[in-house]
Structure formats: C-alpha cells, structure tokens
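Participant: Quick one: the structure is below, questions incoming.
Throughout, read-outs are computed from the coordinates displayed, never taken from laboratory work. Every value quoted in this text rests on a predicted model; they were computed, and no experiment measured them. Here the Cβ is made from the backbone with ideal geometry for all residues, glycine too, and neighbour counts use every protein chain on show.
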Amino acid sequence: MSQNLPQRLGLESHNSGVCGVDWITSPGGERVESVNPANDTAMASVQAGSAADYEQVVTAAIEKFTEWRMRPAPARGEVVRQIGEALREKKRELGMLVTLEVGKIKSEGEGEVQEMIDMCDFAVGLSRQLYGLTIASERPRHRMFEQWHPLGPVGIITAFNFPVAVWAWNAMLAGVCGNTMIWKPSPQTPLTAVAVQHIVNEVADKHDCRGVFNLCLGDVELGERMVNDPRIPLISATGSCRMGRRVAELAGKRLARTLLELGGNNAMIVSQHADQDLALRAVLFAAVGTAGQRCTSLRRLILHDSIHDAFVDKLSTAYESIPIGEPWNDGVLMGPLVNAQAVDMFERAIATIGEQGGEVVRGGKRIDRAGNYVEPTIVKATPDMAIVHEETFAPILYCLKYSQLEEAVAMHNAVPQGLSSAIFSQDLGETERFLSAAGSDCGIANVNIGTSGAEIGGAFGGEKQTGGGRESGSDAWRAYMRRQTCTVNWGGELPLAQGVKFDV
Ligand code: NAD
C-alpha cells in the first residue's frame, strides 16, 4: 500500500472490525489478515467480533432506531447525500483499496466506489419519494391509503467480490427508509469494510447518527447468530446459493424477511443475425472482466451453429491479447483470483470439464507467477455436462451450439440459477422473443449488451436459486419497509365493508 492510502482511509496495521456507536477497541473474535491476492502479501489485520461484541452492536442499532425512524425521510436523505460527498473525496483511495484487497483492476475498483456514490444520489431523491397509494374506499366518508414505515435494524451480509458496492445498495436504501443496520462483511475483505465505516462515521458525527450504520466483522457463526436473531426483522444476504439456502432455512424458522442475492450462471445467445464484432467485445468484458468473479459474469455462450467455429476462433485470438498482471497497473485488464482456494477450485473445475467430455480450447492453467493468477479459459462444451449447470467463480467460458432459437432459449433457461442474460441479434423478432414471457427466465435480460455491468437505476437481482431478491434501483426500497393499509372514518356512521350488518 502507498503510504498515503492507509492514512487517508483511517487504517492502521491492526484495526478493530466492530463499530456500534463507537469502535470496540479490542473485539473478541478472530484476527483476520487482509491479503493482497496479486502477490499474497499481508497488508493489515482486522479483529472480528465475538458474540458479546455483536450484542453491543445490536443494542446500539436498536436504541438508535427509536430516534432515526422518526427523523423525516428527507433529513435522512441529507445524511446519505453527505456520505456520497465523502465518498467522492475518497474515491481514488477507496477504489485502490478494493483493487488491493480483491484484485480488481483499477477502473473496476474505482467503478465500485462510483456505484456507491450513484446509490447515495439515488437514495437522496428517493428520500422524498417513499410514496404510498390512496385507494378508493367502498364506504362513505372513509379514506383509505397505504403508508410505508421502517422495519428496524437490518442485517446486511456481503460477499467478497463487491465488498463495498453491495453494502451501499443495501445501506443507502435501508438508511433513507428509516432503518438502522448491522453490516457483516466477508472475512475475505475486512479492510475495505473498516475504511467505509470510517468514512460513514465522519458524516455520522456531524448529524448525530452514530448507531445507524454499524459494522461487525465475523465468520459464518457470527453471520448465523445475526440470521437467528429475532430482533433483526430483515436479513439481506449476498453470496453463494449454498449460503443463501442456509440463511433462508434459518430465517424461515423464525419467519423473518430475507432479501437474497445469490449466485448466477449467466448466458448470452449470439444469433446468426448478430453484429458479431459488438458481441465479441461484450463477451470479453463479461467473461474475462473481474477475472470472472462477478455474479453476472458470462459463463455460457450459446452460439448459432453457422457462426460457432469462427466465433470461437476469433474469441481465442482475442483472449491471447488480454493483458494480465498486477491490477493496479495501467493497461492491465485481468488481475488475480481472490485467493489460493479460488485457484484450486479453478483447477478442479478444469479437471472435471475433461472428465465430462469438454474440450479446453484456450487457457485452462494456473499462471506460474506470484499471486493467484489463472488463464482466462474457453471450453467447447455440451449442455448435458453437469458442470455447465454450476457456477464456477472463475474465468471459464463454456461455448455451446444451437440451430433454432427455441432450442437456444431452452438451453439458456435449463440451469438452476436465474440472474443475468443477454441476446445479440439485429432481428427484432428474435430479440422480442427473448424478452417475452416465453424467453429468458432471468431477473436481468439484455439485448446487444453483455450480462455484467448493471446500472444502479434498475432493480438488481435474479430468479430461481439466485434467490428472488431485488436491490438497488426502481422500487427495491419497498423491501426495507413495512406497508401499512390505513382507513380513516371521518363521518358519523359506522358502515361495514361488504355491506355486513351488525346492528346492536
Ligand atoms: P459466500 O457465500 O462464501 O459468502 C458470502 C457472505 O456470506 C460472507 O460474508 C460469508 O461470511 C457469509 N456467510 C456464509 N455462510 C453463512 C451463513 N451460514 N450464515 C450467515 N452468513 C454466511 O460468497 P463469496 O464467495 O463471498 O461471494 C461469491 C458468491 O456471491 C458468488 O456465488 C456470487 O455469484 C455471489 N454474489 C451474488 C451477487 C448478487 O447480487 N446476486 C452479488 C455478488 C456476489
């Protein structure tokens, strides 16, 4: 790390990972090292929270909720606006920390912070638009309407691959909606979480809102403690399908709300009517960008059989020219995987591909250098291969063939996940077919755009085993509030609905 960066972000060589109203100076959990995946050097450490520390943080969040929920929503929006300003000031440093801790290239690290800023802007506007409906009452001199109230302290569990943006998707909406929150970041990315908490605390100090945005770094056990906690009405969890299944099971036992943002297995159909150059460029970013570690990364490329071989050849040639290296260097387009376990998982997947009859046409090996680098990989596959139906969180792209669009759509939808999807075609009938009710079954469906790189203005999330949650834009805010239907009788009679008579 450059000398200036820790200082600008308030980081020490050893940090507390727990903050309620104040930082807990010596939390009782594990000491977690933050390791740079590009060279495996330890950058700093963060102390996670124990059960007792968690209790302190929850108490802070519960106490603050009684005040925060009564602050006018636009006043809450002003706090969020200032968080956005503070993020603008530290965009480069925080973006670089994302690069150093996750291995994303520089522009993606900064892009992630820009996404946080965009979320702040969006949430500020939203703070004046938490609208409810007015509904015609069937009873004379009655008024019926809906209003939206905050829920309480919200639990936010985040994944390593978007260590700060996913927090902002949740926190900015939860905050303007009047909730307090407890963030449990991934132990893989503890330092970015500490840096964000420092930025938020500075703003909180100016607005008497310590206790609104809280942090408790922890392992799976601590995460489950939060999921099981009856004082937390909503758990928003981002991560693997395996994690989501467990969270849903535990939260379901206490009938708590969940907002699940889980794994994807995203596909793109490229028809014979596509602009192939455009499609090729889109494939490169979607499949190789972030070293294949986005939930929306392109994993399956479904090519019309008349263009399949030539397209795969062109793609292989383009893969040769992707600059791979230290993600903070200008010009690099692919950095490392997040850790050694991810490289092992990549190698196991390559072995399984061979066993299941797939042909690696490009890549397939770990790169012999310091850090956790692998080659971006292209595989000729068939849809019956079991591994094609799984999310392998690495830059492995399966190329599949089709002859009729119906067959391509069926192949596209025949996986358990349902996050992001795309079609490349200049034929209106084909693209509309893809977007129709008989088309893509995903939460996100794009035409002539790759599967990754969503804007914050839309609701983000997916169907089936991706969990069904929606975060970020559109009306995703409703997940963080409770709806109340109110009826006011302003007349002197007491008429009953459905004409029921009950005269005493
Ligand atoms: P992960 O499932 O290993 O961990 C995610 C988070 O869940 C971590 O904070 C982890 O500590 C916590 N966790 C794990 N088990 C838990 C449990 N039983 N109870 C409570 N918390 C628990 O995921 P990861 O490796 O960090 O991230 C990669 C995965 O996340 C991929 O599957 C990717 O597709 C998915 N993801 C999805 C989205 C989305 O919006 N759909 C966004 C980013 C990442």
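Participant: Relative to the longest principal axis of the chain, what angle (0 to 90°, nearest 10) does the C-alpha long axis of helix 308-320 take?
Facilitator: Approximately 80 degrees, to the nearest ten.
Participant: Then there is this: Could you give the angle, 0 to 90 degrees to the nearest 10, between helix 51-68's Cα long axis and the longest principal axis of the Cα atoms of the chain?
Facilitator: For helix 51-68, the angle is close to 60 degrees.
Participant: With a sphere of radius 10 Å drawn around the Cβ of THR466, what net charge do the other residues whose Cβ falls strictly inside it have (Lys, Arg +1; Asp, Glu -1)? Could the numbers behind the result be given before it?
Facilitator: Numbers: positive: LYS464; negative: GLU261, GLU391, GLU463.
After counting each charged neighbour, the total is -2.
Participant: State the answer as a single residue: which of ILE396, ASN413, SER425 lies farthest towards the positive end of the charge dipole of region 266-447, with beta carbon charges of +1 for Lys and Arg and -1 for Asp and Glu, about the Cα centre.
Facilitator: My answer, from the dipole projection, is ILE396.
Participant: Additional query: Treating only the Cβ of Lys, Arg, Asp and Glu as charged (+1, +1, -1, -1), what charge dipole size does region 266-447 show about its Cα centre? Round to the nearest 20 debye.
Facilitator: Dipole about the Cα centre, nearest 20: 340 debye.
Participant: Continuing with the same structure: Using the beta-carbon distance between SER26 and GLU224 and R0 = 25 Å, what value does 1/(1 + (r/R0)^6) give for FRET efficiency, to the nearest 0.05?
Facilitator: 0.60
Participant: Taking 0.36 nm per residue of separation and subtracting the Cα-Cα distance, what length does fully extending ASP503 through ASN489 add?
Facilitator: Fully extending the segment from ASP503 to ASN489 adds 3.3 nm.
Participant: Quick one: which residues, 5+ away or cross-chain, put their amide H under 5 Å from the amide H of GLN47? H built at 1.01 Å from N.
Facilitator: ASN15, SER16, GLY17, VAL32
Participant: With the dipole of the chain worked out from charges on the C-beta (+1 for Lys and Arg, -1 for Asp and Glu) around the Cα centre, which of VAL203, SER297, ALA351 lies farthest toward the positive end?
Facilitator: VAL203
Participant: Let me ask something else. Computed FRET efficiency, Cβ-Cβ of ALA438 and ASP384, R0 30 Å: what is it to the nearest 0.05?
Facilitator: With R0 = 30 Å, the Cβ-Cβ based efficiency is 0.85.
Participant: Once every Cα of region 266-447 carries one equal point scatterer and solvent is ignored, give the base-10 log of I(q)/I(0) from the Debye formula at q = 0.09, 0.16, 0.17 Å⁻¹, two decimals.
Facilitator: -0.29, -0.93, -1.05
Participant: In sequence order, what are the phi-derived ³J(HN,Hα) couplings for region 396-409 according to the Karplus relation 6.51 cos²θ - 1.76 cosθ + 1.60 with θ = phi - 60°, rounded to whole Hz, with x for glycine and proline?
Facilitator: 10, 10, 8, 9, 10, 10, 9, 10, 10, 4, 3, 5, 5, 5
Participant: Follow-up question, since we're still on this one. Among VAL102, MET43, THR59, whose Cα sits farthest toward the positive end of the charge dipole of region 40-105 (+1 at Cβ of Lys/Arg, -1 at Cβ of Asp/Glu, about the Cα centre)?
Facilitator: VAL102
Participant: Taking the Cα centre as origin and putting +1 on Lys and Arg beta-carbons and -1 on Asp and Glu beta-carbons, what dipole magnitude results for the chain, to the nearest 20 debye?
Facilitator: Values: 47 positive and 60 negative charges, 284 e Å.
Charge dipole of the chain: 1360 debye, to the nearest 20.
Participant: Can you give the local net charge around LYS184? Use residues other than it whose beta-carbon is closer than 13 angstrom to its beta-carbon, Lys and Arg +1, Asp and Glu -1.
Facilitator: -4
Participant: Also: Can you flag which of LYS314/LYS380; LYS184/LYS253; LYS253/LYS464; LYS64/LYS90; LYS104/LYS380; LYS64/LYS206 are past 23 Å Cα-Cα?
Facilitator: Listed pairs above 23 Å: LYS64/LYS90; LYS104/LYS380.
Participant: Could you run the Karplus curve 6.51 cos²θ - 1.76 cosθ + 1.60 with θ = phi - 60° over region 337-348 and give me ³J(HN,Hα) per residue in whole Hz, x for Gly and Pro?
Facilitator: 6, 6, 6, 5, 4, 5, 5, 4, 4, 4, 5, 5
Participant: Continuing with this model, one more query. Only bridges whose two residues both fall in the chain count here: according to DSSP, what percent of them are antiparallel, nearest 5?
Facilitator: 40 percent
Participant: Using the Cα centre of region 222-333 as the reference point, and only Cβ charges (+1 on K/R, -1 on D/E), how large is the resulting charge dipole? Debye, rounded to the nearest 20.
Facilitator: 980 debye
Participant: Angle, helix 73-89 long axis vs. longest principal axis of the chain, Cα atoms, 0 to 90°, nearest 10?
Facilitator: Computed tilt is about 30 degrees.
Participant: Using θ = phi - 60° and the Karplus curve 6.51 cos²θ - 1.76 cosθ + 1.60, what whole-Hz ³J(HN,Hα) does each residue of region 175-184 get, with Gly and Pro shown as x?
Facilitator: x, 5, 6, x, 8, 9, 7, 10, 9, 10
Participant: Using modelled backbone amide H atoms (1.01 Å from N, in-plane), which distant-in-sequence or interchain residues come within less than 5 Å of TYR373's amide H?
Facilitator: Those qualifying (amide H under 5 Å, at least 5 residues apart or on another chain) are LEU337, ILE367.
Participant: Moving to a separate point now. For the pair LEU496 and ARG141, how long in nm is the line joining their label points, each one 7 Å along Cα→Cβ?
Facilitator: If labels sit at LEU496 and ARG141, their model points lie 2.0 nm apart.
Participant: Counting only trypsin sites (Lys or Arg not before Pro) that sit in a DSSP loop (anything but H, G, I, E, B) with at most 15 other Cβ atoms within 10 Å, what is the longest stretch of the chain containing none of them?
Facilitator: Numbers: sites that count: ARG128, ARG141, ARG231, ARG254, LYS365, ARG369, LYS501.
Longest site-free region, per DSSP loop and neighbour criteria: 370-500.
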